Structures are given as structure tokens and as C-alpha cells.
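The values are calculated or read from the model by the stated rules, or taken from the named source; none is laboratory data. No experiment lies behind these values; they were computed from the predicted model shown. Here the Cβ positions follow ideal geometry from the backbone for every residue, glycine too, while neighbour counts run over all protein chains shown. Remember, those area values only see protein heavy atoms, side chains included, never the ligands or the DNA or RNA. Shrake-Rupley method; radii C 1.70, N 1.55, O 1.52, S 1.80 Å.
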Amino acid sequence: MALPIEDYALIGDRGTAALVGRDGSIDWLCLPRFDSPACFAALLGTEDNGRWLLAPADEIVSTSRRYVDGTALLETTFTTADGEVVLLDVMPTGDGRADVVRRLTCTRGTVRIRHDWVVRTDYGRVRPWVVRAHAHGNEVVVAVAGPDKLVLRGPHLPHGHNGHHSDEFDMTEGDELTFSTTWVRSWRDVPEPLGFDDRIEATTAAQREWSARAPDDLPHADRVRRSLLTLFLMTHEETGGIVAAPTTSLPEDFGGERNWDYRFCWLRDAALTLESLIGAGYDEEALGWRRWLLRAVAGDPADLQIMYTVDGGRQLPERELPHLPGYADSTPVRIGNGAVSQRQNDVLGEVMIALELARQAGLDETRNSWALQRALVDELAEHWDEPDNGLWEIRGPQRHFTHSRVMVWVAFDRAVKAVEDHGLEGPVERWRDLRDRVREEVLEKGYDAERGTFTQHYDTTEVDASLLNIPLVGFLPGDDPRVLGTIDAITEDLMRDGLLLRYRTQTGVDGVPGHEHPFLACSFWLVSALAAAGRRTEAGELMDRLCGLANDVGLLSEEYDAEHGRMAGNFPQAFSHLALVQAALALR
């Protein structure tokens with residue numbers, strides 16, 4: 001069985017990412033891209049589904065780990081009865097290669113090392129043909145299956161037995177050994193080896209330079225910096241697409257079926273990520289994402305999707321992988337995402353907020369970029385009053401979700417601002433009229449005057465944590481009595497062990513069996529809403545608790561099981577980290 005989710009750490013090269021366990025095992029890696037099939041998939045199965053382990057063979061007395069300051073280079077220190085060894089894990093950046101580099105350094109005594117290299121392509125299903133070969137003057141191990149070729153280099157190459165390549169060797173104080181796995185297309189030759197020291201140093205310098213720009217005048221500045229760097233790693237360097245998480249099917253309900261593939265680019269999540277980056281002073285990142293957006297949604301505005309692949313592709317068919325038993329026996333394991341075809345009316349509002357912030361930060365509109373926004377807003381104007389699946393991608397009946405209606409208001413509001421504040425052209429009178437009509441409808445149909453709270457949708461008295469965004473997007477002031485009443489109702493109905501649920505699943509509104517744990521982004525929204533309401537002491541106390549839920553290297557999952565003190569859902573989760581940044585900015 002895989003480790004607890006919180007026992008993993010992320011390394012990445014901004015093309016893809018790997019999860020490294022406290023035990024020294026890489027249990028998840030998709031190559032060459034975030035949304036490619038995994039070649040190490042033990043996270044969702046067993047070691048027979050692929051992993052790469054480097055760790056002491058003898059009993060480990062203690063383990064500690066950290067990221068090298070200002071970077072995503074991971075150091076894990078193993079202590080045994082006879083010595084100590086440090087494992088450095090890094091995916092070098094800026095060289096166009098898909099490499100994982102692992103360096104062992106013995107700092108004390110003698111340590112016997114176990115090395116397991118088990119490659120299984122196609123999400124842990126296919127056992128490749130593995131041979132030893134000589135290339136560029138060195139012996140290597142080469143695994144080939146279908147389109148994939150993985151090449152293992154190092155001073156102690158493991159030997160194969162029943163599809164597993166394993167080895168044990170001793171290290172003494174002062175020894176340093178470096179291994180690497182490189183992915184290439186199977187029809188290409190084994191690539192030349194590249195120097196390790198220069199690439200590690202270049203990656204360290206580049207990541208430190210980027211993270212040094214993070215603001216240090218925010219509460220929990222260390223958590224903010226780690227969150228920003230995590231979001232940076234989840235942004236594809238070449239295309240500009242921002243993935244929601246590097247994993248699939250880590251469960252929201254352990255042993256249940258709430259398991260989804262998040263390795264894609266949601267317009268909403270990407271726009272929210274961009275808002276966080278701009279708010280933290282990373283203005284130039286807006287340009288790369290806007291270019292991705294223009295390419296991804298090019299064409300008929302009526303064909304707008306809520307998510308795309310990393311390169312802007314539109315085909316994300318959802319299917320199940322029965323050969324994988326799932327994390328903690330949570331099945332089915334899914335790849336692709338069926339929500340791609342849903343109607344989610346809130347999405348354009350998030351996109352328009354991000355692009356308005358980019359304009360305020362000095363990013364000039366091009367003829368194509370504003371023309372695209374006009375076309376999308378005009379398309380929304382024809383269908384704004386239709387029900388949708390909402391922010392939470394409800395798989396039950398479509399509803400008039402109040403949050404969606406508020407975000408429709410936002411889309412028209414930011415379009416009006418683009419004309420009024422930035423001199424862009426558009427049918428501003430029509431947009432103003434629609435903005436006013438949406439506002440009136442929300443205040444009439446989305447508000448429960450008897451209880452004094454906004455509701456999840458127009459046909460219920462239930463509340464939803466997404467309503468905390470009402471003051472954050474400017475629909476109402478933070479101290480408006482209707483907002484204060486909504487904060488109190490959400491806290492009363494959705495608080496579990498001091499953390500917020502998204503909504504009450506027992507109502508059946510989402511059409512999926514089972515239950516889930518508190519959704520971390522919702523609690524960060526509560527921090528921001530409390531700050532906007534002037535309740536800063538409460539906001540600060542909740543922020544302290546939430547930041548304390550991060551694992552030992554500062555990462556957050558999608559949800560948190562407070563009863564058992566464990567993380568749940570895909571990991572690390574962009575939504576959680578961007579909401580942390582936004583909450584810190586709200587407190588400042």
C-alpha cells in the first residue's frame with residue numbers, strides 16, 4: 001500500500017512532476033508531460049505497478065526531509081544504527097530533457113543501500129522489455145514499451161529478476177553516488193549523458209531567483225513562498241497551461257468512488273492561480289497564460305470548454321483503469337474527466353477577473369485578446385440565464401447555482417470595466433443592463449431572507465462554501481449584513497472539526513455516492529471573507545490553523561480528514577495553495 005498522502009513531496013521540471021515518499025520511493029511519475037501515462041504508478045497500486053526506490057536497506061531509525069531553500073530540490077536524510085545518508089531528488093529544468101536525478105551522499109558511518117527500479121508504462125499496466133546496453137561509453141539499463149524508452153544511468157546498476165531491477169550496495173562516509181532516469185521516444189537513440197553538477201546548480205539558481213520575488217510582508221510568508229513555487233511547478237513551461245494537480249484518483253472518500261483526474265487545465269483553476277500570482281507581484285506570468293488561453297479557446301465561443309489538456313487539446317474522455325486497485329482500495333481509478341462537457345457558468349467570471357487584474361498590472365490587450373473576451377462575453381449574454389453544473393461539477397441535475405449567477409455578474413462587470421476604465425470597445429450599455437438584471441435576480445432568488453443567508457441554488461435553503469466569494473469578487477461589501485449572515489450560516493452548517501465542507505453531500509445534490517472531507521480552499525475562503533468583514537482576529541486564528549495542516553515540506557492536498565489527521569484528495573492541489581496565497585493577501 002502507498003504511504004499516507006502527506007508523506008509525499010513534489011519535484012518537477014515544469015513539464016511534469018513526481019511524488020517522492022518519505023521512504024525514498026518515487027511512486028508517481030507521468031512522462032513526458034503532466035497528463036501523460038504514468039511509468040511509476042505504485043501510488044495507486046503496488047510496487048508491481050512501478051516505482052523507483054533508493055533508501056537504506058537496514059532498519060531506518062529516523063527520517064527527515066526538507067526542500068533546499070527557495071527551491072523544489074528535495075533532501076531526505078535517513079539515519080540508521082550505523083550511519084546517515086542524504087538523498088537529493090531533482091528534476092533539472094531549462095535543458096529540454098525529461099530527467100529525474102537522484103544523488104546519495106553518505107555523511108556518517110556506513111549505510112547499506114537498497115535500489116529498486118521497476119518501470120511499468122501505461123499507468124502501471126505494461127511490463128517493458130528491459131536490457132543492459134552500452135551507450136556513449138557507459139553501461140545503462142534501457143526499458144522499452146510502445147512509444148516509451150526509459151534509460152537508467154548510475155555507478156551501481158540494478159539486476160533484473162521477474163520484471164524487477166534491484167541491487168544492494170554499501171556507502172561509507174564521504175561517498176557520493178548519482179543516478180538518473182531519462183525518458184525519450186522509443187524510436188530514438190539513447191541520449192547523451194549530461195553533467196549533473198552544472199544542471200543541479202542551474203536549476204537551484206533559477207528556482208531561487210524566481211521564489212526570491214515572493215513578498216515577505218505577508219502572514220505565513222514561508223507558506224506563501226512554498227505555495228507560489230508549487231504553483232510555478234504546476235505551470236507547463238512551454239505551453240503556459242496550469243494543471244489543477246499532478247495526480248489522478250487520490251480519493252476524497254477513502255475506499256469510495258470520489259476519485260477524479262486533475263492533471264488538466266481548468267480555466268477556473270488556472271485563472272485563480274493567475275490571480276494569486278499577480279497579487280503576489282508575479283505580473284509577467286499573466287502573458288504566458290493569456291497566450292495559452294487564446295490558443296485553447298480559439299474558434300466558436302459556443303464551443304468553450306471548462307478544461308483542456310496541457311497543450312490546449314479538447315479530448316479528455318473519462319475512462320477507468322481496472323488493473324489498478326486504487327489508493328487505499330478506492331476505486332475506480334479514472335483517467336480523463338467527464339466534467340469536460342459540463343456547462344459551468346461561473347468559469348468566464350474567473351477568467352475575466354484574471355484578465356482585468358492583468359490589465360491593471362500593465363499587460364496591454366492585443367487586438368486578438370480583447371476580441372476573444374468580447375466574443376465570450378457576448379456568447380454568455382445569450383445563455384446567462386440557463387442552469388449549469390456549478391463550480392463543484394455536480395453530476396446530478398443542473399441548477400441555478402447562486403455562485404454561478406454571481407460569477408455571471410462578475411463577467412459582465414469586468415467587461416464593463418474594460419470599456420470604462422481601459423478604453424476598450426464593446427456594447428457597454430447592453431453589458432451594464434445584463435449586469436444589473438443578474439444582480440437583481442441573485443438578490444431576489446438566491447437569498448433566504450428568513451434565515452438571512454444566500455443559498456446554494458435557487459431551489460434550496462442549503463448553503464454552500466462557494467458563497468464566501470460574494471464579497472471577494474465585489475458583488476457586495478464584506479460587512480454587508482447579507483454577507484455576515486451568509487458567513488454565519490456557512491460556519492454553522494458546514495464546519496466540521498474546525499474546517500469547512502464544500503456543501504452537505506447528504507442532500508444528494510452532486511449525484512455521486514459517498515461523502516467527503518473538508519475542502520481546504522473553502523476554509524481559506526473563510527479567512528478572506530472574515531478579513532473582508534473586519535473580523536481579523538478570527539481570520540488570523542483560522543489562517544494559523546490551516547497553515548499548520550501543511551505537511552513537513554509545506555504542501556497541501558485537496559481535502560483534510562481532521563478526525564484521523566490525514567490528507568485526502570489529489571496532491572498537491574493548486575486550489576488549496578492559491579487560496580492560501582489569496583488569504584494571506586487578504587490578511588495583509
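Against the conditions (1) assigned to a helix (DSSP H, G or I); (2) in contact (Cβ under 8 Å) with a residue 60 or more places away in the chain; (3) under 26 Å from Val408 (Cβ atoms); (4) of a type in the set (A, V, I, L, M), Val377 satisfies every one except (2). Here segment 1-58 is the region considered, the condition is being among the hydroxyl-bearing types (Ser, Thr, Tyr) and in contact with a Cys (Cβ under 9 Å, 6 or more places away or on another chain), and the residue that is nearest to Thr80 (Cα to Cα) is Thr16.
Within segment 389-420, if we keep just the residues that are at pLDDT 95 or above and of a type in the set (Asp, Glu), the residue that is surrounded by the fewest Cβ atoms within 10 Å (Cβ to Cβ) turns out to be Glu420.
Whenever a residue of segment 481-507 is small (Gly, Ala, Ser), it has no partner that is crowded, with 17+ Cβ neighbours inside 10 Å and modelled with pLDDT under 95 lying with C-beta atoms less than 7 angstrom away and at least six residues away or across chains.
Annotation note: of Gly109, Gly83, Gly70, the sole residue that is open to solvent by 10 Å² or more (accessible area, probe 1.4 Å), more than 18 Å from the chain's Cα centre (by Cα) and over 27 Å from Ala574 (Cα atoms) is Gly109.
Quick check on segment 251-268. Is at least one of its residues in a loop (DSSP other than H, G, I, E, B) and over 26 Å from Leu29 (Cα atoms)? So that I can check it myself, show each step before the final result.
Taking segment 251-268 first, the residues in a loop (DSSP other than H, G, I, E, B) are 251-260, 262-264.
Narrowing the set further to residues that are over 26 Å from Leu29 (Cα atoms) leaves none.
Within segment 251-268 (the criterion being in a loop (DSSP other than H, G, I, E, B) and over 26 Å from Leu29 (Cα atoms)), the answer is no, since none of the residues qualifies.
Consider segment 24-64 and keep the residues that are open to solvent by 20 Å² or more (accessible area, probe 1.4 Å) and charged (D, E, K, R). The one that is nearest to Gln315 (Cα to Cα) is Asp35. With the condition kept exactly as written, say whether any residue in segment 539-547 is touching a strand residue (DSSP E or B) at 6+ places or on another chain (Cβ under 9 Å) and among the basic types (Lys, Arg). The answer is yes, given that some residue of segment 539-547 is touching a strand residue (DSSP E or B) at 6+ places or on another chain (Cβ under 9 Å) and among the basic types (Lys, Arg). Cβ separations smaller than 6 Å between residues 6+ apart or across chains give the following pairs from segment 49-74 residues that are closer than 23 Å to Asp13 by Cα and small (Gly, Ala, Ser) to residues that are assigned to a strand (DSSP E or B) and open to solvent by less than 20 Å² (accessible area, probe 1.4 Å): Gly50/Cys39; Gly50/Phe40; Gly50/Val118; Ala72/Ile11.
So, of the residues in segment 272-293 that are open to solvent by 50 Å² or more (accessible area, probe 1.4 Å) and in a helix (DSSP H, G or I), which turns out to be farthest from Gln582 (Cα to Cα)? If you could, list the steps in order and put the result at the bottom.
Step one: list which residues in segment 272-293 are open to solvent by 50 Å² or more (accessible area, probe 1.4 Å), which gives 283-284, 287, 291.
From what's left, in a helix (DSSP H, G or I): 287, 291.
Numbers: Leu287: 20, Arg291: 24 Å.
Across segment 272-293, the extreme among qualifying residues is Arg291.
Residues in segment 140-166 that are in a strand (DSSP E or B), touching a Leu at 6+ places or on another chain (Cβ under 6 Å) and under 21 Å from Leu177 (Cα atoms): Val141 only.
What are the residues in segment 356-372 that are part of a helix (DSSP H, G or I), of a type outside the set (A, V, I, L, M, F, W, C) and out of contact with any Asp or Glu (no Cβ under 8 Å at 6 or more places or on another chain), if any? It would help to see each step written out before you state the result.
Initially, segment 356-372 is screened for residues part of a helix (DSSP H, G or I), giving 356-360, 367-372.
Add one more test, that the residue is of a type outside the set (A, V, I, L, M, F, W, C), and what stays is 356, 359-360, 367-369.
Those that are part of a helix (DSSP H, G or I), of a type outside the set (A, V, I, L, M, F, W, C) and out of contact with any Asp or Glu (no Cβ under 8 Å at 6 or more places or on another chain): Glu356, Gln360, Arg367, Asn368, Ser369.
Select from segment 549-588 the residues that are surrounded by fewer than 24 Cβ atoms within 10 Å (Cβ to Cβ) and among the charged types (D, E, K, R) and write down the one among them that is nearest to Gly281 (Cα to Cα). Of everything passing the filter in segment 549-588, Arg588 is nearest to Gly281 (Cα to Cα). Screening Glu382 against (1) under 27 Å from His457 (Cβ atoms); (2) open to solvent by less than 50 Å² (accessible area, probe 1.4 Å); (3) among the charged types (D, E, K, R) leaves a single unmet condition, (2).
Filtering segment 116-125 for residues that are under 22 Å from Cys30 (Cα atoms), surrounded by 15 or more Cβ atoms within 10 Å (Cβ to Cβ), touching a Lys or Arg at 6+ places or on another chain (Cβ under 9 Å) and aliphatic (A, V, I, L, M) leaves a non-empty set.
All of Val333, Val310, Val347 fail the test of being surrounded by 21 or more Cβ atoms within 10 Å (Cβ to Cβ), of a type in the set (A, V, I, L, M), modelled with pLDDT of 90 or more and under 28 Å from Pro427 (Cα atoms), apart from Val347.
Being of a type in the set (A, V, I, L, M, F, W, C), within 28 Å of Gly390 (Cβ to Cβ), surrounded by fewer than 24 Cβ atoms within 10 Å (Cβ to Cβ) and touching a Leu at 6+ places or on another chain (Cβ under 8 Å) is true of Leu267.
Do we have any residue at all in segment 56-66 that's of a type in the set (A, V, I, L, M, F, W, C), part of a loop (DSSP other than H, G, I, E, B) and either in contact with a Ser or Thr (Cβ under 9 Å, 6 or more places away or on another chain) or on the phi < 0 side of the Ramachandran plot (or both)? Even if it seems obvious, please write down each step before you answer.
Of all residues in segment 56-66, those of a type in the set (A, V, I, L, M, F, W, C) come to 57, 60-61.
If we keep only those that are part of a loop (DSSP other than H, G, I, E, B) too, we end up with 57.
Next, only the ones that are either in contact with a Ser or Thr (Cβ under 9 Å, 6 or more places away or on another chain) or on the phi < 0 side of the Ramachandran plot (or both) stay: 57.
Yes, segment 56-66 has at least one match.
Annotation note: of Leu233, Leu228, the sole residue that is open to solvent by less than 20 Å² (accessible area, probe 1.4 Å), modelled with pLDDT of 95 or more and within 20 Å of Ala98 (Cβ to Cβ) is Leu233. Residue count for segment 173-209, restricted to those that are part of a strand (DSSP E or B), farther than 25 Å from Glu237 by Cα and open to solvent by 60 Å² or more (accessible area, probe 1.4 Å): 1.
Test of understanding: among Thr486, Thr453, Thr461, which residue is in contact with a Lys or Arg (Cβ under 9 Å, 6 or more places away or on another chain) and buried (at least 17 other Cβ atoms within 10 Å of the Cβ)? It would help to see each step written out before you state the result.
Values: Thr486 fails: in contact with a Lys or Arg (Cβ under 9 Å, 6 or more places away or on another chain); Thr461 fails: buried (at least 17 other Cβ atoms within 10 Å of the Cβ).
After applying the criteria, what remains is Thr453.
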